[in-house]
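Data first, discussion second: the structure below is written as structure tokens.
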Amino acid sequence: MLIDWRTVAAQAVNFLLLVWLLSRYLFKPTLAIMKERNERIRKELEDASGLQESARQEREALAEE
């Protein structure tokens, strides 16, 4: 069985092109969306923590009265 080097080279070029296209149009946008979502969740958790602390202070103030 002989190896056709032109076919091997064409397959390699096609593979590299596929990797580049996936990186550009799939992986980078997906990672950007994931980073944005992670930041939004972190901010919401910080806000919830602040609200929880505020509620604790209100509960203590009411308990003193």
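Confirm whether M1 is modelled with pLDDT of 95 or more and open to solvent by 90 Å² or more (accessible area, probe 1.4 Å). Answer is no for this residue. With the structure loaded, tell me whether I33 is open to solvent by less than 100 Å² (accessible area, probe 1.4 Å), assigned to a helix (DSSP H, G or I) and among the aliphatic types (A, V, I, L, M) or whether it fails that test. No, not satisfied.
If you go through the stretch 1-16 and keep only what is within 34 Å of the chain's Cα centre (by Cα) and among the aliphatic types (A, V, I, L, M), you end up with A10, A12, V13, L16.
The values are calculated or read from the model by the stated rules, or taken from the named source; none is laboratory data. Predicted model, so just to flag it, every value in this text is computed and none were measured. Only protein heavy atoms, including side chains, enter the accessible area calculation; ligands, DNA and RNA are left aside. Shrake-Rupley method; radii C 1.70, N 1.55, O 1.52, S 1.80 Å.
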